[in-house]
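Structure, as structure tokens:
The values are calculated or read from the model by the stated rules, or taken from the named source; none is laboratory data. All values reported here derive from a predicted model rather than from experimental measurement. Here the Cβ positions follow ideal geometry from the backbone for every residue, glycine too, while neighbour counts run over all protein chains shown. Each accessible area value is taken on the protein alone, full model and side chains, heavy atoms only, with ligands, DNA and RNA left out. Shrake-Rupley method; radii C 1.70, N 1.55, O 1.52, S 1.80 Å.
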Amino acid sequence: MCGIVAYIGHREAYPIVVKGLKRLEYRGYDSAGVALLNEKKEFLVYKKTGKVSDLEASVGTQDTHAHTGMGHTRWATHGAPNDLNAHPHLSQNGEFAIIHNGIIENYASLKKALIDRGHIFKSETDTEVLIHLIEEIAKNNEVTFEEAVRMSLTQVVGAYAIVILSKTNPNYLIGARKGSPMVIGVGEGEHFIASDATPIVEYTRNVIYLNDGELAIVDNQKLTVKTIDNTIKTPYIQELEINLESIEKGGFDHFMMKEIFEQPRSILDSYRGRIHVNEATITMAGIDAFEDKLKNIKRIIIVGCGTSWHAGLVGEYLFEDFARIPVEVEYASEFRYRNPIINEDDFVIAISQSGETADTLAALELAKSKGATIFGICNVVGSSIPRMTDAGAYTHAGPEIGVASTKAFTAQVTALTLMALSIAQKRGTISTVRLRELLTELETIPAKVEKTLESNDYIKTIAAQIKDTRNALYLGRGYGFPIALEGALKLKEISYIHAEGYPAAEMKHGPIALIDEEMPVVVIATQHSNYEKVISNIQEVRARKGKVIAIATKGDEHIKEQADHVIYIPECEEAMLPLLATIPLQLLSYHIAVMRECNVDQPRNLAKSVTVE
Ligand code: G6P
């Protein structure tokens, strides 16, 4: 987590840095800070607990004149979120300044040694240790700024994306990464560095994604990339795919709402060009490349965290239903710590919106080390997971800024649907007729999502009735079960109401004890397999006076007698249910959070991209 942004060039740095930080605020919002390096070779450092807007207000009309500068938005790990622990941090002699995203794992031993040698620290952060180390190496070895940074990084264990400024070397800055993302924007007589491309896209479309273990030495005209062990690399300039509109709110009050309403388009974008209904074929380069392996595969393992893990659960149903391959879905954070049995025949799929989640990356590394084929389903182009996998599929949902994932989830599910069907075809476990039927259905989904979104006002009225609840239960069976989990997670994340997702029939084995007249119970009760059984589960809830909100199939009149509220979604193939049933649950949690005056886009304690383990 944490967002970093830096600028060197002919423009005023401060407005660029602050605007960039606002775009990166989804990565953390405990504190923000900037360091500007002016023509008098002075640092102007401003830091503030809270949001970037708090920083801006505290800077006010103070001097910000500089053409070089950097800023940081923090998600606290080492040290409380206060002004002192906010980045940037200065070295003891004030010569160097640093911003850092990641964790220096061996900071305690480095710090102890530095203290023994007379260093005095101002903050509790791991980051300050690194800048003191750089100062010491520069002084003791009489090496250049660049050498001091490079040499210090050889002593560091952990993950980082850092930018460092030096007062006596005002003409360039240094960026470096290992395990945390870093993008460099290449402009005309200017360069930008950021955690992702959103602070850069307004100024240039030419970017370089720095690789792990690389440093970039950047002045306003030129850029040198080298490895920590001092090998010069040729930077590869890529053109950005995102545009400015996609990272602005476009008339919506919140990014989350904008992203919910984008789903007809984002689902379409994730299958666009990949399906050919008439021929009943699917083109997915990453899957096609492994045709032989997939024909005989014995097992798929899916790893992910949070919402992406829920998409993985949907994937399990899809792969087993259509491709008839056993699937295990694992929390990435658990998978790697329990000595899992993985071998060369396994196909391991990592699902991640950001492509940067530390636990997911580590799980993939483990799978790779055991010889498994590793595959990524990611949204952020050029992120770490797509760069380390054997193959993959981008979800093409476009930038997702709201911390609670919405359109990325449905795009992940769409990509998984295509993968399952494509593998099924390769393995001969699906007929052409059936495949054509499913692809035809998939093409109707964007319009059906559009239709589902029409319930927004009605869902708002339900939200008003349950917004003060302290608990909520979400129930579903089959494909509805991961959706129940996802609905509960959405409510927890943004409205701070305790919510649990449960398989509807499992309710009898525990959660039923919680049900009383105050408990809203959201039930996925569409007319698919298990419909009758789910209706029985609803009756069990009603008998205990629970308030039932049913997600039902359009035209089902019978359910009105069973539930307090019914939200209809269009009829669909059961395998496509997650793509529709998720939408009302996203809207419900959104409206409840707004009514409770919660910060929908930046819920407390959360960050969009969790780059620490
Ligand atoms: C964080 C976010 C979630 C997300 C999860 C996994 O917890 O707040 O919305 O689902 O990380 O992130 P990933 O980028 O790997 O999908």
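With V45, V18 as the choices, which residue is closer than 27 Å to G402 by Cβ and of a type in the set (A, V, I, L, M)?
Going through V45, V18 in turn, the sole match is V18.
Counting only residues that are within 11 Å of the ligand (Cβ to nearest atom) and either of a type in the set (V, I, T) or open to solvent by less than 10 Å² (accessible area, probe 1.4 Å) (or both), segment 296-307 holds 3 of them. Candidates in segment 503-538 are the residues that are in contact with an Asp or Glu (Cβ under 9 Å, 6 or more places away or on another chain) and open to solvent by 20 Å² or more (accessible area, probe 1.4 Å); of these, the one that is nearest to Q465 (Cα to Cα) is L514.
If the condition is being outside any strand (DSSP E or B), within 16 Å of the ligand (Cβ to nearest atom) and touching a Leu at 6+ places or on another chain (Cβ under 6 Å), then segment 315-342 contributes G315, R336. A499 meets each of the listed conditions (1) in contact with a strand residue (DSSP E or B) (Cβ under 8 Å, 6 or more places away or on another chain); (2) part of a helix (DSSP H, G or I); (3) more than 21 Å from C572 (Cα to Cα) apart from (2). Every condition in (1) within 13 Å of the ligand (Cβ to nearest atom); (2) at pLDDT 95 or above is met by S354 except one, and the failing one is (2). Out of curiosity, is V610 β-branched (V, I, T) and open to solvent by 20 Å² or more (accessible area, probe 1.4 Å)? Yes.
Taking segment 227-241 as the search range and keeping residues that are β-branched (V, I, T) and part of a strand (DSSP E or B), which one is least open to solvent (accessible area, probe 1.4 Å)? Applying the filter and picking the extreme gives T227. Looking at T611, is it within 16 Å of the ligand (Cβ to nearest atom), of a type in the set (V, I, T) and assigned to a helix (DSSP H, G or I)? The answer is no for T611.
Kindly establish whether D83 is touching a strand residue (DSSP E or B) at 6+ places or on another chain (Cβ under 6 Å), modelled with pLDDT of 95 or more and open to solvent by 60 Å² or more (accessible area, probe 1.4 Å). Criteria not met by D83.
Each residue in segment 526-551 was checked for being closer than 17 Å to A581 by Cβ, hydroxyl-bearing (S, T, Y) and in a helix (DSSP H, G or I), and 1 of them qualify. Can you name every residue in segment 566-607 that is within 16 Å of the ligand (Cβ to nearest atom), of a type outside the set (A, V, I, L, M, F, W, C), open to solvent by less than 30 Å² (accessible area, probe 1.4 Å) and part of a loop (DSSP other than H, G, I, E, B)? Matches in segment 566-607: D601, P603.
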